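So the structure is just underneath, and the comments pick up after that.
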Amino acid sequence: MAPPWGEESNMSIDTKPAPAARNGTRAPARAATPRRKPEAATTARKPRSRAARVPVDKRGVILSAALGLFSRFGLHGTTVDQVAARAGVSKSNLLYHFANKEELYVATLRDLLDVWLEPLRAFRADQDPREAIADYIRAKLALSRDRPDASRLFCLEMIQGAPLLRDDLARELRELVATKSAVIRAWVSAGRLAPVAPHHLVFALWATTQHYADFAVQIQAITGRTLDDPAFFEEAVANVQRIVLDGVTVQAAGTQAMAALAATGGAPAPARRRAAAARA
């Protein structure tokens, strides 16, 4: 049976028929409910994180890969293909940043040289020399722990006569050591440091701290430990600091005598006499 109000063929699909009233008469039709559009937030793409927006430093990745290979196999034992594979880049992409293997090798050496010399650049005449030297020892041992391959590559280049780095050594390294040697002389002249030839102090600091990187295998064979062991690292720092600082610390009783020796280059009289005899 058709409903008492008849058929409505034009009814919207969103309009529902109103229920019949109890007395059998037709109730007023309900207003059509408008359709809701999907919210934009549900379809909007989430913004990328900051890390995702930062481009990869391919040059730095290539230098890091090159350092690991050059420090183990040297210049002639390493190929461009090996470096590219380790860096995760194509050979053509590597050669876009570095024209050839020799250029990559020199760039790697300059990069590590800059890192290894950074602690020495911190020396200032207004510092307490004991604190400055102690901080330098800790910083260099930390580099020996964290970047041993850098020290090994530099050592390998020096053993071979530094054919590709000689100009940098004669210019940048020599100038830096000369500048910091003046700081050490100022400490000695002020009686804050025992008489010592600055160059030899710098050489001793380099040799002592970088030994833990260049001869890590030997150290581990003897002690069964490496600088990666926090306790052994602190033990190494404390002992190297004490050995060096006890040798360059001014003793209260001899402060004036030591300051007077500074004017002669820091060498005791017997040493000066032996040097004069050798020259003769």
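Scanning region 152-168 for residues that are hydrophobic (A, V, I, L, M, F, W, C) and open to solvent by less than 30 Å² (accessible area, probe 1.4 Å) returns Leu153, Ala162, Leu165.
Considering every residue within region 215-223, establish whether at least one is under 15 Å from Tyr136 (Cα atoms) and at pLDDT 95 or above.
No, region 215-223 contains no residue that is under 15 Å from Tyr136 (Cα atoms) and at pLDDT 95 or above.
Across region 184-196, not a single residue is classified as in a helix (DSSP H, G or I) and closer than 15 Å to Leu113 by Cβ.
Scanning region 129-176 for residues that are assigned to a helix (DSSP H, G or I), of a type in the set (D, E, K, R) and touching a residue at least 12 places away in the same chain (Cβ under 8 Å) gives Arg130, Asp135, Arg138, Lys140, Arg145, Asp149, Arg152, Glu157, Asp168, Glu172.
Yes/no per residue for (1) in a loop (DSSP other than H, G, I, E, B); (2) surrounded by 17 or more Cβ atoms within 10 Å (Cβ to Cβ):
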| position | (1), (2) |
| --- | --- |
| Val61 | no, no |
| Phe70 | no, yes |
| Asp81 | no, no |
| Val115 | no, no |
| Gln127 | yes, no |
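Looking for whichever is β-branched (Val, Ile, Thr) and modelled with pLDDT under 90 here; the options are Val250, Val188, Val237, Val244. Which one fits? After ruling out the rest, the residue left standing is Val250. Criterion applied to Ser144, Ser189 was being crowded, with 18+ Cβ neighbours inside 10 Å and of a type in the set (S, T, N, Q), and the one residue passing it is Ser144. Only one of the numbered conditions (1) surrounded by fewer than 17 Cβ atoms within 10 Å (Cβ to Cβ); (2) touching a helix residue (DSSP H, G or I) at 6+ places or on another chain (Cβ under 9 Å); (3) in a helix (DSSP H, G or I) is violated by Lys180, and that is (1).
Apart from one condition, Leu227 fits all of (1) assigned to a loop (DSSP other than H, G, I, E, B); (2) under 16 Å from Ile133 (Cα atoms); (3) aliphatic (A, V, I, L, M); the exception is (2). Could you please let me know if Arg110 is under 27 Å from Arg171 (Cβ atoms), under 22 Å from the mean Cα position of the chain (by Cα) and in a helix (DSSP H, G or I)? So Arg110 passes the test. Scanning region 230-253 for residues that are open to solvent by less than 50 Å² (accessible area, probe 1.4 Å) and either assigned to a helix (DSSP H, G or I) or aliphatic (A, V, I, L, M) (or both) gives Phe232, Phe233, Ala236, Val237, Ala238, Val240, Gln241, Val244, Leu245, Val248, Val250.
The values are calculated or read from the model by the stated rules, or taken from the named source; none is laboratory data. Small disclaimer: the values here were computed from a predicted structure and weren't measured. Positions of Cβ are generated from backbone atoms using ideal geometry, with glycine treated the same way; all protein chains shown enter the neighbour counts. What goes into the accessible areas is simple: the full protein's heavy atoms, side chains included, and nothing from ligands, DNA or RNA. Shrake-Rupley method; radii C 1.70, N 1.55, O 1.52, S 1.80 Å.
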